[in-house]
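The values are calculated or read from the model by the stated rules, or taken from the named source; none is laboratory data. This is a predicted model, so every value here is computed, not measured. No Cβ is skipped: glycine too gets one built from the backbone with ideal geometry, and neighbour counts run over all protein chains shown. With ligands, DNA and RNA removed, areas are computed over all heavy atoms of the protein, side chains included. Shrake-Rupley method; radii C 1.70, N 1.55, O 1.52, S 1.80 Å.
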Amino acid sequence: MASIWFVLVLWIFVIYPQYALIKVIQASSCAEIHTPASVVLAGSPVSVSCSIQDDCPLTKGKDFRVAWKMNNHFVPSNLSYQESNRTYGVIIPSLPDVDAFIACAVCEEENCQIVNGVLVKVGYPPSVPKHLSCSLNITSKSRFLCKWDPGQQMANLPTNYTLHLFRVMSKKVTCDQYLIPPGAHFFLIPRESYPLLSEMEINVTAVNIFGNATSETLKLTPMETAMFDPPEINRIEADVLGCLNYSWSLAKSQQWLTTAISLELRLKTVDNQQDKELVLCFTKKQGIKINVCDLFHGINYSTTMRVKYSSLSKWSEWSDPQIAITLMKAPTGSLDTWLKVDDQNAQLYWKPSKDFSANGWNLKYTVESKKPKNTLCVTQESHCSFKLTEKVEKVYLRATNAAASLDSTEVPVYRNKGLGSVSIFSVHPQSETSVLIVWGGTPASLKVTGYVLEWRSLCETPAAPLSFTLMDKNISSTILTGLRPYKPYEMSIYPKYDKGIGSPHTLVAYSSQKAPSVAPELNVMEISHSYVKLHWDEIPLEQRNGVIQGYTVYFWNETNNIKVIKTEETSIVVRHLQPLTKYEALLTVHTMGGSLNGSAVALATGHIDGIEMVLFVIPACIGLSLLVLIVFAYFGKHERVKMCLWPIIPDPANSSIKRWTTTDSVQGMPPFKEEKEPVLVYLSHFSLLDMDEKEPFKSDYVKENQWSLDSRDDSHSSFQTCVRNDSEHDRNSVPYATVVFGGPYQNHSSCPPAYVRSESTQPLLGADDPGSPPPYENVSPSGSVSNVQRFTISPQNSTESEANEEIWEAFPMLRSLEIRDTDRN
């Protein structure tokens, strides 16, 4: 298949063009074609004629016609015509903007065969030359060179250029013309054709067969276009304080020029002694000195120079630098100082104030005390440390250069400590290299005389020197510039009082923040079946890029059950994990400028070991055993447990005395021990009744059911009720019990005494309560009351006594009513 495609492509690109060429050659013998011009201006009409030969095989004995094609498209028939018997022509009213191939074709019916053709090219007038410029090169042989941009050109259409130079000579305008060689777009004007210092005009004209175009006229003075070589600084003299004198000259090839030219001096201090660059302009003739004053004293200056002819000219290159030193004198101005005293150790920092000038080199500083006179330190740095005795109240700082010394700066020594600090101190970023610092709030009892703001970088090696600035007492904010972005700075503010220096307020700040450069690495410190302890180290200070706001730990298992833990510590304990489970943890660290994720850590919890199993199983078994015992005790001793926990309290309204047997259980009462002495029972109301067999029940205090009492002959006796009617208040009360006697009570004919219920409505079981009523008493018919300790029953024999004891055991509440040693009828 590939070989077939190869043969086809070969036929298209090699064989077919040869075949078509043969066809055209054969066809060309049938006709001749002619056009007046092979290149025509775009948009112009063009005419073409075609002459058919008599021996053309396409026309012999055939009825044919001639058609025209332009760029493979038929031309409308109304544009063609027949000039003679076998000559045909066509007129194209307007050619397009591209070249056109016009062909003559012999047609038989619908079948047309091209017999000849001609290519008519389209042309344009020349483009206007642009960016004409001329420059003078001043050397021993001056050259005046002009060049221009020809614009768009036609390769098959030649264009000729001519340079015209107009100048005034003897009040006449002369014009010199220079024909430019083909293909060149520049021209070097001969020296005799132009003046150096006079104005002249120059332009360029382009010409082709379709027209011409002229550039804009350039007006210039040749010297103004000259670019000088770098000048030379021959000598620099420092003969006056703060001044330098310069001797200079042009390059050797240009020293013939005697007119005044423009100069520019650039002075820069060596090693940035003063971060300032001076640029001074002058107009001088060659050989005249240049004097520069108002310079710093004792400073090394590096000077370079360049020149040009006029303001319209181009500057030359800078000359080689030359170094000179101004004269020195004693330093001037003052120094800002900051003294920090800790017991006998002192640190003094200083810096030049705005008006300070070293005025020389080899500047050194001396710190000394006068009382006692002692030199504390000598250094070329901007700080020093020394010891201070208790007698020293002031120290003095003196700056000295190679010429003289500056008057000493007095620095008072404040030893007071613990004075109040500012209560407000905050730092706000302003840009990547600056912050706004705000402070305020000092103790009202102290008089503020000023503030000292100090700062230093925390991540420089070696340690960065301390920087400080002094503030007026009325200033409460300032903008600190020149900071490095994403780097921490320790900043402190000290209030200055008339009695000493206050305590500092310190914080760490950044001018700008971003996400940390690195993330902490998670470490598994301890892991068990139910918890894991994770720990990570703090990020190095130089890689934090901001204040750490906190950490977030993401913890998840295979089922994507995610726990999110936020903390400010560097360790956490994750609890309530499942044993034998795989987990992954990810740590994210945050700053005000962004967050950074660390790498995920995979871990797996273990199984429960033997000791943990024992510690879990033993308490569980003990608890389960206690639960089982409690359940069995509850159901096995239900009544006893119930009596211990919830004893039954009798309801006085529904209580009565009835017959008790030994088989009846004492429900709802705690066990009673016989050996205990009987105690008085305080009842709220007791009625003592002696019933006559013939007297019916009359009192509402006696229930309709009769009470029976077991006797030796198991007989039942009838009882009569004799009730003492008490007051209306007692009648409305509910009796707790009624005591019934079967016969006369102690042979009295009158009604037996009755017990009267007290006024109290308190419960009957609180005998020890101080609010309980007094013991019940017997009330005689005459209204007198006899003190009765207890009721007794006189036993008739031992059997009856034992039976009564059984009754009292079954009915312990009536034991207090027992009456002994009393005759019964």
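Below, the figures for the structure above:
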{"quantity": "Length released on extending from residue 378 to residue 55, taking residue separation times 0.36 nm less the Cα-Cα span", "calculated": "104.1 nm"}
{"quantity": "Contour excess over end-to-end distance, with Cα ends at residue 42 and residue 232 and 0.36 nm allotted per residue", "calculated": "62.4 nm"}
{"quantity": "GluC sites (Glu not before Pro) restricted to the range 72-180 and DSSP loop, no more than 14 other C-beta within 10 Å", "calculated": "83, 109, 110"}
{"quantity": "The range 111-181 - charge dipole about Cα centre, Lys and Arg +1 at Cβ, Asp and Glu -1, debye rounded to 20", "calculated": "380"}
{"quantity": "Pairs beyond 21 Å (Cα-Cα), from 487/566; 391/499; 370/391", "calculated": "487/566"}
{"quantity": "Backbone HN-Hα couplings from phi across the range 327-332 [Karplus 6.51/-1.76/1.60, Hz, Gly and Pro as x]", "calculated": "5, 9, 8, 4, x, 10"}
{"quantity": "Cα-projected label distance for residue 554 with residue 635, points at 7 Å along beta-carbon direction, nm", "calculated": "5.5"}
{"quantity": "Listed residues 369, 477 arranged by accessible area, highest first, probe 1.4 Å", "calculated": "477, 369"}
{"quantity": "Inter-probe distance in nm under a simple model that places probes 7 Å from Cα toward Cβ, at residue 390 and residue 252", "calculated": "8.0"}
{"quantity": "Projected area, mean over directions - the range 99-223, Cα convex hull, nm²", "calculated": "10.5"}
{"quantity": "Using alpha carbons only: equivalent-ellipsoid semi-axes of the range 149-203, gyration tensor based, whole Å", "calculated": "28, 10, 9"}
{"quantity": "Accessible carbon and sulfur surface of the range 35-164 relative to its total accessible area, %, 1.4 Å", "calculated": "50"}
{"quantity": "Flagged links, alpha-carbon separation over 21 Å, of 268/364; 172/285; 171/284; 147/314; 289/314", "calculated": "268/364; 172/285; 171/284; 289/314"}
{"quantity": "Full-stretch length increase - residue 172, residue 472 - with 0.36 nm per residue and alpha-carbon distance subtracted", "calculated": "100.3 nm"}
{"quantity": "Euclidean distance of C-alpha centroids, the range 462-477 and the range 515-535, integer Å", "calculated": "41"}
{"quantity": "Accessible area per residue in Å² at 1.4 Å probe, computed on the range 338-417", "calculated": "59"}
{"quantity": "Descending principal axes extents, the range 465-615, alpha-carbon based, whole Å", "calculated": "73, 32, 24"}
{"quantity": "Spacing of the two label points (7 Å from each Cα toward its C-beta) at residue 78 and residue 300, in nm", "calculated": "9.4"}
{"quantity": "For the range 115-254: accessible area per residue (Å², 1.4 Å)", "calculated": "53"}
{"quantity": "Within the accessible area of the range 257-353 (1.4 Å probe), percent carbon and sulfur", "calculated": "45"}
